[in-house]
Amino acid sequence: MPLRRWTRQFGRWALAVAAAVTWLGALGGLFLIFASGATAFSDPSPAPMWAVWLLLLAGCVLALLADRSRAASVMARHATAAGWERTDPRGREWPWPDPRPGGTVRVRAAWSFTAGGFPVVAGEIRWAGDALAGLTDSAEGRGVVVVVRLPWAAPSMAYHVPFERVGDSPLLDRADLRRAFLTRRIPPWAVRERTLVTVEPAGESVTPALVGVAVRRALLVAELLDPGAGTPPAVEAAGVEDVLPGDHADAAA
């Protein structure tokens, strides 16, 4: 493993351990506070231990906020360096139906750029209440949504999870497309008119590497749907990191 990647992984583990210790300390302090009853709060001169637990609780909150701020800062720097254009997620119509009752979908940030000759919009998405049923097998979570503008007209169709064909287009019968989906080389996807959409779940914060994976896999879907495609999409030209689909788990960590 390269030294840079090992150092990054070690830093993530160290941060995770520190956050876990802080959480355990904070939870233990809260347990003691509730166990001791309301008299602890009426004591005009509380024992120093209460201050320790409160500091641990504050440290836990600050650690979470710092981690979120760091992830957003990394994404912003990468987007600027790559020449991506920030776009308002509330100012565009996203190509999925309205969430079912009780479900919510929110795109927190989005960027537009060109990759492989296709106009692309990638964003950080969060969902709950099984709002993206079919595009992901998780009832709730966060990840990367990729919207690709196709240069050709196509009927509405999709490959959903578990393996489910939506629509009656003959494109769904392509052996290469079906094989790529069953071997997880491509994610679940949906096409509406000239728009292709995919969602790549993220276990933790959204990173430039995960965006690179998501865009690369979405463009592979577009390539497999296009009868005239003969060369792999040039993802690198858009400033998207050259991360192979096999590195997905590592990129999302």
If ligands, DNA and RNA are left out, what is the accessible area of Arg92 with a 1.4 Å probe, given in Å² to the nearest 10? 80 Å²
3J(HN,Hα) from dihedral phi, the stretch 116-121, Karplus parametrisation 6.51/-1.76/1.60, rounded to Hz, x for glycine, proline: x, x, 10, x, 10, 10
Sequence of Thr136, Thr114 when ordered by accessible area, the most exposed leading, probe 1.4 angstrom: Thr114, Thr136
Loop-located chymotrypsin sites (Phe, Trp or Tyr not before Pro) in the stretch 159-192 whose Cβ has at most 13 other Cβ within 10 Å (DSSP): Phe163
Of the listed peptides 118-126, 215-223, what is their order by residue-averaged count of other C-beta atoms within 10 Å, with the highest listed first? 215-223, 118-126
A correct Karplus calculation of ³J(HN,Hα) over the stretch 126-139, with 6.51 cos²θ - 1.76 cosθ + 1.60, θ = phi - 60°, whole Hz and x for Gly and Pro, returns 10, 9, 8, x, 6, 5, 10, 3, x, 7, 8, 8, 9, 5
On full extension of the chain, what length is gained from Ser138 through Arg174, given 0.36 nm per residue of separation minus the C-alpha to C-alpha distance? 10.3 nm
Report the extension gain between Ser205 and Trp152 in nm, rounded to one decimal, defined as 0.36 nm multiplied by the number of residues separating them, less their alpha carbon distance. 15.7 nm
What is the antiparallel percent of DSSP beta bridges lying wholly in the stretch 110-210, to the nearest 5? 95 percent
Residues meeting the amide H criterion for Ala109 (H placed from the backbone, H to H distance under 5 Å, 5 or more places apart or on another chain) are Glu124
In Hz, Karplus ³J(HN,Hα) per residue of the stretch 150-166 (6.51, -1.76, 1.60; θ = phi - 60°; x = Gly, Pro): 7, x, 10, 7, 9, x, 5, 6, 6, 10, 10, 9, x, 3, 9, 8, 10
Quick one: ranking Asp98, Asp88 by accessible area, 1.4 Å probe, largest first, what do you get? Asp98, Asp88
In terms of the alpha carbon gyration tensor, root eigenvalues a ≥ b ≥ c, rounded if a/c is under 1.5 and otherwise prolate when a/b exceeds b/c or oblate, the stretch 85-165 is oblate
Difference of contour (0.36 nm per residue) and Cα-Cα distance, Asp226 to Asp98: 43.3 nm
Local electrostatic count, Thr183, Cβ distance below 13 Å [Lys/Arg +1, Asp/Glu -1]: +4
Largest-first ranking of Asp137, Asp176, Asp130 by accessible area, probe 1.4 Å, whole protein assembly kept, is Asp137, Asp176, Asp130
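The values are calculated or read from the model by the stated rules, or taken from the named source; none is laboratory data. For clarity, every value in this text was computed on a predicted model and none was experimentally measured. Here Cβ is always computed from backbone atoms with ideal geometry, including for glycine, and neighbour counts include all displayed protein chains. For the accessible areas, the whole protein counts, side chains as well, though only heavy atoms, and no ligand, DNA or RNA atoms are used. Shrake-Rupley method; radii C 1.70, N 1.55, O 1.52, S 1.80 Å.
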